[in-house]
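**Student:** What follows is a structure written as C-alpha cells; I'll ask about it next.
The values are calculated or read from the model by the stated rules, or taken from the named source; none is laboratory data. Bear in mind that the values here come from a model prediction, so they are computed numbers and not experimental data. A quick note on method: Cβ atoms are made from the backbone with ideal geometry, for glycine too, and the neighbour counts reach across all protein chains shown. We work out accessible area using only protein heavy atoms, side chains counted, and drop any ligands, DNA or RNA first. Shrake-Rupley method; radii C 1.70, N 1.55, O 1.52, S 1.80 Å.
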Amino acid sequence: MKYFSTRGDPEILSFEETVIRGLAPDGGLYIPTQIPKLPENWENLWKDFTFSELSYAVLSLYIPDSEIPPGSLKDIINRSYSTFRDPQVTPLHKINDKLHILELFHGPTYAFKDVALQFLGNLFEYFLLRRNVVAKTNPGEKPQRLTILGATSGDTGSAAIYGLRSKANISIIILHPYGRVSPIQEAQMTTVADANVHNLAVHGTFDDCQDIVKTCFGDKAFNSKWKLGAVNSINWARILAQIVYYFSAYFQAKRNGILDGGKAIQFVVPTGNFGDVLAGFYAKRMGLPTEQLAIATNENDILARFWKNGEYTKGKNGVVETCSPAMDIVVSSNFERLLWYLADESSSEGRTDGDRQAACATVNTWMGQMKANGKVPMPVAVFEQARKDFVAERVSNEETLETIKSFYQPESASTPSYIADPHTAVGLHAAKVFAQTNAPYVVQIVLSTAHPAKFSEAVTSALQGAPSFNFEQQVLPEEFKGILNMPRRVIEVEKPDYELVKQVIEKVAAKDDASLGKESL
C-alpha cells in the first residue's frame, strides 16, 4: 500500500513518509493508492475482537508488514488504547430501539480525537526511534527531531498535546483562536507543563489558524529547517485510526441484537472539518454494511449547503460563533479527500485505478477556485455521485440547546436520560430529521464526539432550571475539577499574520532544538 497527493504531486510515498510529512508539498492531502477490501469471512473472524484487536485487523490492511512488523504495530495499538477509561474504548449507548449513541470520549482528554491522536503520538515516537537507531551508526549524524504543528478549534489541541507530551525529540506547537474555544478546552491545552508543549492563542478564527499552519507546511525552506509534522486531520493516520470505531460500532450492534431482523445502520456524524465522517466513508467503501452516512453541521453549514445545492462555497458571513465551537469552520479541509473520489468516479473517461492524474488535476483546479473565489460550482455528475453515499442537515444554535434539554429527562421512565454535549446534540437533532425519511429497517447510531463537561456553558445554559440537574455532581469529572485555576503556559499572538506567527514558531522551535536535541532515544 502506497500513498499519493490529491493534487497530483508525482511522488508516491510509503506509510511512514506519509505520516511524517502530513501535508503534500503541493498542498494536497495524502490518500491510499487503493481502498482495501475486507477479507473473506471477516464478520466471523472479527466478531469477538477487542477494540485493539479490531484496530490491528483494520490498520494492517493499510500498513504493510515491511513497514511496521505485526508485533510492533500491535504494541503501538495496545499502548494507545490502554489509556482509555472504558474497556470497549468506544462503547455503544442505547437511547431506544432505533437510536443509539457511540461514545467516543473515553480517552485522556474526553474527546473523540484521542482515538486517533494517542495512536498518532505513538507512531511518531516509533518512527523517530527507528530512524535515530540508524543515525547512531553514522558518526556525526544528529538525531532526527520533529516539530509537530497543528491548529485547533478545541479538541485537537489537547488530544495532540496529551498524545505527544514529553516525547523525546518531539516538540509540539498548537495554534488556537483566542477566546473561541471553551474554557475547559483552553485549560486542558495551556495547563500542560511539559517542556516540549507550546500553545499559541491567535487573535482570529480557527480557519485563520489552519491557513497559517498550511502556509508553514507549504513554505519549503521553513518546513525543511524545522522538520514539521502534521497533527491535524490532514495527517492520513488520523483518518485511518478513526475508521476502526465504525467497525466497533457495527460489531457491538450485532452482539446486542440491534441489527436483528434485517436492520441496517445509518451513522449520523456531527462534523465541521469532515474528517470524522470521512473515516466512515472509507469503512463503507471497504465493505462495512451501512446506509448513507448522515452529516450534521451547525450554523457553519458549508457541508450541508453542498448537499443541498451542489456548490462548495464559503458563504458570505465568515465564521459564525455557536455553542458547538469545534465545528465553527468555514472550509472543511478533509472534504478535499472526498472530492478526489468524486472527481475520479464521476468521470466518463473510463480511467483505470493506475491513472490518477486526471482526477488530481480536477481537484487542483477546484482548490484553486476555492482559494481565489471562495466557491466551487460542481458538475451535476459530481453532485449526484456525492448523494449516493451522504445526506446532510444544518442545525441551529436554538435547536442544539433544545435538543440537550429534550434528552435530559431524569423523571421519564420511557426514555433514559442522557446529557449530551452541544456537538452530540447537533447530531441528535439531525438524526431526528433524517429519521423522518428513513426506511423502517434503519437504526441510527449518532457519534458522540465529546464529554459534556468540556462545554459547560452550553450544557448549563440548556439545562438551567431543569429538575434535579447539578452540573458538578452529574457531569464534571474529577480530572476537570480545579483545572480552570491552574497556571497557564500560552503565547498570545495579536493578529493572524503568517510572518508574525512564523517568528514565534521559529523562536520556540529554536529553543527546543537546543534543549531537546540533546536527548537521545
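**Student:** Using the structure shown, decide if ILE212 is surrounded by 21 or more Cβ atoms within 10 Å (Cβ to Cβ) and within 22 Å of TYR162 (Cβ to Cβ).
**Tutor:** For ILE212, the condition - surrounded by 21 or more Cβ atoms within 10 Å (Cβ to Cβ) and within 22 Å of TYR162 (Cβ to Cβ) - is not met.
**Student:** Of all residues in region 389-409, how many are free of Cβ contacts under 8 Å to residues at least 12 places away in the same chain and open to solvent by 60 Å² or more (accessible area, probe 1.4 Å)?
**Tutor:** So the count comes out to 2.
**Student:** Here's another thing I want to ask about it. Of everything in region 147-181, what is open to solvent by 10 Å² or more (accessible area, probe 1.4 Å) and not basic (Lys, Arg)? Give them in sequence order.
**Tutor:** Scanning region 147-181 gives TYR162, SER166, ALA168, TYR178, GLY179, VAL181.
**Student:** Still on this model: Determine whether VAL459 is open to solvent by less than 90 Å² (accessible area, probe 1.4 Å), assigned to a helix (DSSP H, G or I) and within 20 Å of ARG85 (Cβ to Cβ).
**Tutor:** Judged against the criteria, VAL459 is a match.
**Student:** Which helices (runs of 4 or more DSSP H) sit wholly inside region 352-450 and have at least 3 residues that are among the small types (Gly, Ala, Ser)?
**Tutor:** 357-373, 422-435
**Student:** Give me a count of the residues in region 18-53 that are among the hydrophobic types (A, V, I, L, M, F, W, C), surrounded by 21 or more Cβ atoms within 10 Å (Cβ to Cβ) and touching a residue at least 40 places away in the same chain (Cβ under 8 Å).
**Tutor:** Total meeting the criteria: 6.
**Student:** Please return the ranges of strands (runs of 3 or more DSSP E) entirely within region 1-114 where 3 or more residues are more than 22 Å from GLN252 (Cα to Cα) and at pLDDT 95 or above.
**Tutor:** 3-5, 30-32
**Student:** Pick from PHE335, PHE247, PHE281, PHE267: which is more than 20 Å from LEU38 (Cβ to Cβ) and either without any contact (Cβ under 8 Å) to a residue 60 or more places away in the chain or open to solvent by less than 10 Å² (accessible area, probe 1.4 Å) (or both)?
**Tutor:** Values: PHE247 fails: more than 20 Å from LEU38 (Cβ to Cβ); PHE281 fails: more than 20 Å from LEU38 (Cβ to Cβ); PHE267 fails: more than 20 Å from LEU38 (Cβ to Cβ).
One residue alone meets the criteria, PHE335.
**Student:** Right, here's the next one. Hey, GLU336 hits all of (1) part of a helix (DSSP H, G or I); (2) more than 17 Å from the chain's Cα centre (by Cα); (3) not aliphatic (A, V, I, L, M) but one; which does it fall short on?
**Tutor:** So GLU336 meets the others, but not (2).
**Student:** Residues to consider are GLN385, GLN436; find the one that is over 18 Å from THR322 (Cβ atoms) and either open to solvent by less than 30 Å² (accessible area, probe 1.4 Å) or touching a residue at least 24 places away in the same chain (Cβ under 8 Å) (or both).
**Tutor:** Only one candidate qualifies: GLN385.
**Student:** Regarding region 393-415, can at least one residue be identified that is within 22 Å of the chain's Cα centre (by Cα) and within 27 Å of GLY107 (Cβ to Cβ)?
**Tutor:** yes
**Student:** Do we have ALA453 as touching a Leu at 6+ places or on another chain (Cβ under 7 Å) and either open to solvent by 40 Å² or more (accessible area, probe 1.4 Å) or part of a loop (DSSP other than H, G, I, E, B) (or both) here?
**Tutor:** no
**Student:** Against the conditions (1) touching a helix residue (DSSP H, G or I) at 6+ places or on another chain (Cβ under 7 Å); (2) surrounded by fewer than 18 Cβ atoms within 10 Å (Cβ to Cβ), where does GLU11 fall short? Just the number, please.
**Tutor:** If we test GLU11 against (1) touching a helix residue (DSSP H, G or I) at 6+ places or on another chain (Cβ under 7 Å); (2) surrounded by fewer than 18 Cβ atoms within 10 Å (Cβ to Cβ), just (1) comes out false.
**Student:** Still on this structure: Does region 219-226 contain any residue that is open to solvent by less than 30 Å² (accessible area, probe 1.4 Å) and among the aliphatic types (A, V, I, L, M)? If you could, list the steps in order and put the result at the bottom.
**Tutor:** Initial filter on region 219-226 (open to solvent by less than 30 Å² (accessible area, probe 1.4 Å)): 222, 226.
Filter once more, keeping what is among the aliphatic types (A, V, I, L, M): none.
No, region 219-226 contains no residue that is open to solvent by less than 30 Å² (accessible area, probe 1.4 Å) and among the aliphatic types (A, V, I, L, M).
**Student:** Specify which of the listed residues (VAL213, VAL181) is closer than 28 Å to ALA425 by Cα and either free of Cβ contacts under 8 Å to residues at least 24 places away in the same chain or within 17 Å of the chain's Cα centre (by Cα) (or both). Before you say what the answer is, go through the steps one by one.
**Tutor:** Numbers: VAL213 fails: closer than 28 Å to ALA425 by Cα.
Every option except VAL181 fails the conditions.
**Student:** Condition first: more than 18 Å from the chain's Cα centre (by Cα), surrounded by fewer than 17 Cβ atoms within 10 Å (Cβ to Cβ) and at positive phi. Can you find one or more residues in region 187-203 that meet it?
**Tutor:** The answer is no, given that none of the residues of region 187-203 is more than 18 Å from the chain's Cα centre (by Cα), surrounded by fewer than 17 Cβ atoms within 10 Å (Cβ to Cβ) and at positive phi.
Each row is one residue, and each column tells you yes or no for (1) of a type outside the set (Lys, Arg); (2) in contact with a His (Cβ under 6 Å, 6 or more places away or on another chain); (3) open to solvent by 50 Å² or more (accessible area, probe 1.4 Å).
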position	(1), (2), (3)
ALA57	yes, no, no
SER60	yes, no, no
ARG85	no, yes, yes
GLU103	yes, yes, no
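**Student:** Another question about this same structure. Any residue in region 231-243 that is in a helix (DSSP H, G or I) and over 21 Å from SER14 (Cα atoms)? If you could, list the steps in order and put the result at the bottom.
**Tutor:** Here is the first cut: in region 231-243, the ones in a helix (DSSP H, G or I) are 236-243.
Next, from what is left, pick out any that are over 21 Å from SER14 (Cα atoms): none.
No, region 231-243 contains no residue that is in a helix (DSSP H, G or I) and over 21 Å from SER14 (Cα atoms).
**Student:** If the requirement is being under 27 Å from ASP207 (Cβ atoms), hydroxyl-bearing (Ser, Thr, Tyr) and at pLDDT 95 or above, which of these qualifies: THR191, THR152, THR147, THR156? Please lay out each step first, then the result.
**Tutor:** Working: THR152 fails: at pLDDT 95 or above; THR147 fails: at pLDDT 95 or above; THR156 fails: at pLDDT 95 or above.
From the options THR191, THR152, THR147, THR156, the qualifying one is THR191.
**Student:** I'd like the residue in region 284-300 that is open to solvent by less than 10 Å² (accessible area, probe 1.4 Å) and part of a loop (DSSP other than H, G, I, E, B) and, out of all such residues, is farthest from ASP328 (Cα to Cα).
**Tutor:** LEU288
**Student:** Out of curiosity, is GLY318 open to solvent by 20 Å² or more (accessible area, probe 1.4 Å), under 22 Å from LYS214 (Cβ atoms) and modelled with pLDDT under 90?
**Tutor:** yes
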